[in-house]
Structures are given as C-alpha cells and as structure tokens.
Amino acid sequence: MQTFISCDWGTSTFRIRLVDATNQTVLAEVMNNQGIAETHALWKQEKLDEGKRFYFYQSFIRDQLTRLQEQLNVSLLNLPLIISGMASSNLGMIDLPYKELPFATDGSDLDLKEISATDYFQHDVVVISGARTTNDVMRGEETQLIGSYFNSDSEHIYIFPGTHSKHITVKHQRVTDFKTYMTGEFFHLLSNRSILSQSVRESNHLLEGANLKNFEDGVNKSIQDNLLHNAFLVRTNHLLNYLSKEENYFYLSGLLIGAELKEVAYGKVPLTVVGNESIQKYYVIALHQLGVSNVVTVDADIALVKGHCKIYRQRNSIIP
C-alpha cells in the first residue's frame, strides 16, 4: 500500500488526512477551524523573524500529525506531505507565484514547491501553488479540478460554489479560463450586515414549506431584473408581509445564485458542480430553473483527495 499525507489548508479551515494512493481512499483525518487567516494572525502576534515563518506553520502541522498518528497508533514519519489551498499564499507558510493559464487537467504542469525533510520535520513537503488569468486568481480549486476532471476534448465548465465561487473552463484537457463570483460573501454581507438582515432569518430547511418555491422564485427573478433592484425586494417582501423571514432568506439565496449562474446556463456548455452535498442541492435546483436539466455533481472532498493522489503518483512515478 502506497500512503501519503494530504493537507488542505483553506482560509478558515484546516484538514489533514492519511491517504492510500492506490485506492484513493482516506484512512484517517483531522479537521479544525485554524485556517491560514488565524494561523497568520498568531504568527504576527509572536513577532518572529520572517525567516522563522515557515517553521511556525510547520509546528502547527506537526501537532496535527501527532493527533493523526494517535488515531491509527502507527508512525507517519517519512511519509510525504502534499499541501494545497492558501498555504502557498502571502498569508501562508510560503508565498508562491500563481501558475499562469493554461495548465493541464492532470496537474502535470502545475507549479509546485518541494521542500526536503529535516530532523525537525521528517516529511518531504510538496506545496501546490494556485493559478491565474490576466485578472483573476484561485488557490485550491485547481487541485480539486484535476481530481474531478473526466477525459473529454469538448468544452466543459466546472462550477465550485463557495464564498468566492469559481467557474473553470476546460478545453482539450487544459484549463483555459476561469471567473470568480463573490456569491457566498455577498450573501453573508447582505443577510448579516445590511438593512436586509432585518428581513431574513437563517435556515437550512430548503425543502420545507414554501422555502423551495421562494428559492426558485428568486432564481427566476434574477434573470428578469437588475440584482441591485432585486435585492431591495427582499426588504419589501418583509415590510409588505409577502414572505416570512425564513422564506425571504431562500428568496435572497435564489437571487444571488441565479445571478451567478445565468451566464453559464445560457452557454449550452456541459456543466459539473463540485461541492459538498448541501451546496450542490442549491446549484442543481437553480440550474434546473434556468433550463439546464443534465448537471453532473462531484463531491469536493473526494475531488481534492483524487487531485492530491494524481500529484503524488506523478512525483513518485507510480502507475495509476
């Protein structure tokens, strides 16, 4: 069995796993909310020399590896560690330049930084950089893309929902373009910080009562009028007693997701949504409302592990 350590270090979360590269399966994992943003803040508090920054981040990883070892009661020493996400950003453990598009969907030409094991940290480390266009950037989604891609020479768009959703265009087994949409961040700001916060109430019950209908109404409304006008309707829905606060919450969600998706829905290009099950549901329903019935879905965690496995195999010349 060929095993390695997979680490996904996002802005707000940290996840580390022991992975069987042969079967592309997770054997054990540790997850917490100490993402890159919090780790960087702790680094700043310590007021250490810049030359010790990498080791500060490594010390946190060492602690998490200890927890992972305790789950399995085995030693993980000398296993290679592959890291993706914000670890390669200017807030991370090492600041790497973005890979300029295009890049191959098998990840063979992604920019990687290899750091050899030391007595202090007995793991060879591979840090995956992000990617860029002339005016857009991403870190982490490039790894999930190579783990979710299926061989096809035709044009395809992969949608990665999130705080900053990505729409990644693939042609002839190469990533040729992508766009970022601030859907999740706008939703958080409008529902928590704006005047609309008084008109919505958070809920996870999309399929209960009239919530689904109002989400679909929001999606449909997003293609009829300007988003800045549509957003104010959330307030009038409440003031005029048209919708409850919970129903309004889903109406606002539909407005924003619909605004994000309407361009790709009209593009007649095959679509794949890469995300967790709960967010996939919103995007598939929204795409159906926009006239796209054949939508492929991929679990984002599985895609990440598969992406790391591809890079591990290439680095170690392992036959898939």
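Figures for the structure shown
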quantity: Subset of the stretch 116-142 (residues that are in contact (Cβ under 8 Å) with a residue 60 or more places away in the chain and over 19 Å from Cys309 (Cβ atoms)); calculated: Tyr120, Phe121
quantity: Residue list for the stretch 12-36, filter: under 21 Å from Ile94 (Cα atoms), modelled with pLDDT of 95 or more and of a type in the set (Gly, Ala, Ser); calculated: Gly35
quantity: Where a residue in the stretch 58-82 is at negative phi and its partner, wherever it lies, is of a type in the set (Lys, Arg), with Cβ under 8 Å and at least six apart; calculated: Leu68/Arg17; Pro80/Arg315
quantity: Residue in the stretch 201-211 that is modelled with pLDDT under 95, within 21 Å of Leu239 (Cα to Cα) and not in a strand (DSSP E or B) present; calculated: yes
quantity: Single match in Val292, Val274, Val296 (criterion: free of Cβ contacts under 8 Å to residues at least 60 places away in the same chain and in a strand (DSSP E or B)); calculated: Val296
quantity: Answer from Tyr242, Tyr282 - the residue that is of a type in the set (Phe, Trp, Tyr), more than 30 Å from Ile82 (Cα to Cα) and either in contact with a strand residue (DSSP E or B) (Cβ under 8 Å, 6 or more places away or on another chain) or not in a helix (DSSP H, G or I) (or both); calculated: Tyr242
quantity: Qualifying residue in the stretch 158-167 (condition: within 30 Å of Asn248 (Cβ to Cβ) and over 17 Å from the mean Cα position of the chain (by Cα)); calculated: no
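The values are calculated or read from the model by the stated rules, or taken from the named source; none is laboratory data. Just so it is clear, the model here is predicted, and its values are computed rather than measured. With ideal geometry, Cβ positions are generated from the backbone for all residues, glycine too; neighbour counts draw on all protein chains shown.
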